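Have a look at the structure below, then the notes.
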Amino acid sequence: MKKVKIFILEDHHIVRQGLRSLVSANSDFEIVGEEGSPSVFLGLLPKIDCHVLILDLSLPEISGLEVLEKVRKERPDIHVIILTMHDNPEYMIRALKLGAGAFLTKDTVADILIHAINQVMATGVYYPEQIDLKTAKASTPPVQISDVTDSYSLTPKEKDVLKMMIKGMSSKKIAGEFGLSSRTIEAHRLNIMKKLGASNVAETIAIAVKLKLV
C-alpha cells in the first residue's frame, strides 16, 4: 500500500514541527515537504509530488484562501486540508466553496486530523461534526429569493444523499445505508452537483449550506 504524501504550508516553525511529528507517527503517511512562505510554495507547486496539502489561512504575503484557489486551479489532484486558528463559519464556507477538502481548527485533536486525511483521500471531503451547520447558516448572508431557482429543487432522496455526503460518507457506504447500488448513489450525487452548479463535493456542501438545503 502506497503512503499518503503530505506537504505542510504553515508559517510558524513550531507548529510545522508539531504537525510533522504527529503526521509522521502514522506509518501510512509521509511528509514530503514543508514551507513557511506561500510565495515560495507556489513557485514549487508545479513540481510538488503530494496527495494532501495541510494549509494555514493566516500566512504572510498571500492569504491561505488565495493559495487554496491557486492550488485548486493549477493542481486539482492535490487535496487541501485547512488547519487554522479561525473558527468563523464564514471562513469555512469560503474555503469549502474554493475547493478545500476539509476545514479544521488548530484545537483539533490529533485523531481527528488523521481521520480527516484518510477521509479526504477516500471521499474527497471531510466535514467534522464540530462545525455547527446552524451557526454556519446563521453567519452566512441570506440568499435572495431571486437567487433560488427551480434548478435547486432536490428530491427527498437527493436530500438524504446530500446529508450523507456532508458526513463524508462514500457512495458505497451511502448505498449500504439505503439498500441501493453504488451506481444509483453516484447518479444521485451527479444530479445534486448539477442542480447546484457545483464542480466538486466540497463546493456542493458549501452551496447546500448557503442555500439552507440541509
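Return the subset of Lys73/Lys157; Lys70/Lys167; Lys5/Lys167; Lys5/Lys106; Lys47/Lys172; Lys73/Lys163 for which the Cα-Cα distance in this structure is over 30 Å, preserving the input order.
Where the Cα-Cα span goes over 30 Å, the pairs concerned are Lys73/Lys157; Lys47/Lys172.
Using 7 Å Cα-to-Cβ label points, what is the Ser182/Lys157 separation (nm, one decimal)?
Placing both labels 7 Å along Cα→Cβ, they lie 1.9 nm apart.
Is there a quick way to get the dipole size of the stretch 4-135? I mean about its Cα centre, with the Cβ of Lys and Arg at +1 and of Asp and Glu at -1; what is the value in debye to the nearest 20?
280 debye
Can you give me the distance in nm between label points at Lys3 and His115, each placed 7 Å from the Cα along the Cα-to-Cβ direction?
So the two model labels end up 2.5 nm from each other.
Net charge near Glu69: determine it from the other residues with C-beta under 13 Å of the C-beta of Glu69, scoring Lys and Arg +1 and Asp and Glu -1.
Here the count lands on +3.
May I ask which residue of Val4, Ser39, Leu19 lies farthest towards the positive end of the charge dipole of the stretch 1-56, with charges of +1 (Lys, Arg) and -1 (Asp, Glu) on Cβ and the Cα centre as origin?
Of Val4, Ser39, Leu19, it is Val4.
Viscosity 1.002 mPa s, temperature 20 °C: give me the Stokes-Einstein translational D for the stretch 1-94 in µm²/s, with Rh taken as the Kirkwood radius over C-alpha pairs.
Diffusion coefficient, whole number: 158 µm²/s.
I need the calculated FRET efficiency for the pair Val15 and Glu66, taking r as the beta carbon distance and R₀ as 25 Å, to the nearest 0.05.
That pair, Val15 with Glu66, gives E of 0.80.
Using label points projected 7 Å from each Cα along Cα→Cβ, tell me how many nm separate Ser39 and Arg75, to one decimal.
Spacing of the two 7 Å Cα→Cβ label points: 1.9 nm.
Subtract the Cα-Cα distance of Ser24 and Lys47 from 0.36 nm times their separation in residues, and report this length gain in nm to one decimal.
Residue separation times 0.36 nm, minus the Cα-Cα distance, leaves 6.1 nm.
Readers should treat all values here as calculations from the given coordinates under stated rules, not as data from a laboratory. What you are looking at is a predicted structure, and each value in this text was computed from that prediction instead of being measured. Counting neighbours? That spans all protein chains shown, and the Cβs are built from the backbone with ideal geometry, glycine included.
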